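Read the structure below first, then the notes.
The values are calculated or read from the model by the stated rules, or taken from the named source; none is laboratory data. Only a predicted model underlies this, so the values are computations on that prediction, with no experimental measurement involved. With ideal geometry, Cβ positions are generated from the backbone for all residues, glycine too; neighbour counts draw on all protein chains shown.
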Amino acid sequence: ANLKAIFKLLKPGGKFVFAEHVRHTDDQDATAEGYQRGDIDLAFWRRIQNAISPIWALLFGDCRLDRDTGKLIATMRGWSKVEYKTARQTSNPLTKLTPIVYGVAVKA
C-alpha cells in the first residue's frame, strides 16, 4: 500500500501497524534480536533480493524484498512516534532472504 495514502486516512493519534518483508541493511537488521554486524554477507543477499524482487512482487501481492520500509516510515514527516524491529533468522536460505520488519507508527 502507498504510505502517503495510509497517512492521509489516519486521524491525529491514529496508529499504523505494519509488517512487511524488507531489504537487508545493517541499520534495518540491527533492530533484529541477536544481530551482529557482519554475521551474514549482506551484499550477497541484497543482490539476490534485487534480482528476484520483481517476480516476488507479482507472486505475492506487490510485496517487495528491495525496500527498507522501517526506515521509509521512520523518516516520513508527520509521525509523532515510530517504533519498529526486524525479525530474521539465518537457519535456511528462505529465512535469510526474507527478513520482516514490524512496528507501529502514530500520526502526530
Is it the case that the stretch 50-73 has a residue that's more than 17 Å from H24 (Cβ to Cβ) and under 12 Å from the mean Cα position of the chain (by Cα)?
yes
Only one of K81, K96, K15, K11 that is among the charged types (D, E, K, R) and modelled with pLDDT under 90
K96
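Do the conditions hold for Y35, that is, is it buried (at least 16 other Cβ atoms within 10 Å of the Cβ), in contact with a Ser or Thr (Cβ under 8 Å, 6 or more places away or on another chain), hydroxyl-bearing (S, T, Y) and at pLDDT 90 or above? Break it down into steps so the answer makes sense when it comes.
Working: buried (at least 16 other Cβ atoms within 10 Å of the Cβ): yes; in contact with a Ser or Thr (Cβ under 8 Å, 6 or more places away or on another chain): yes; hydroxyl-bearing (S, T, Y): yes; at pLDDT 90 or above: no.
Spelling it out, it is not the case that Y35 is buried (at least 16 other Cβ atoms within 10 Å of the Cβ), in contact with a Ser or Thr (Cβ under 8 Å, 6 or more places away or on another chain), hydroxyl-bearing (S, T, Y) and at pLDDT 90 or above.
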Go through the stretch 80-89 and give me each residue that's in contact with a helix residue (DSSP H, G or I) (Cβ under 7 Å, 6 or more places away or on another chain) and surrounded by 14 or more Cβ atoms within 10 Å (Cβ to Cβ).
V82, Y84, T86, R88
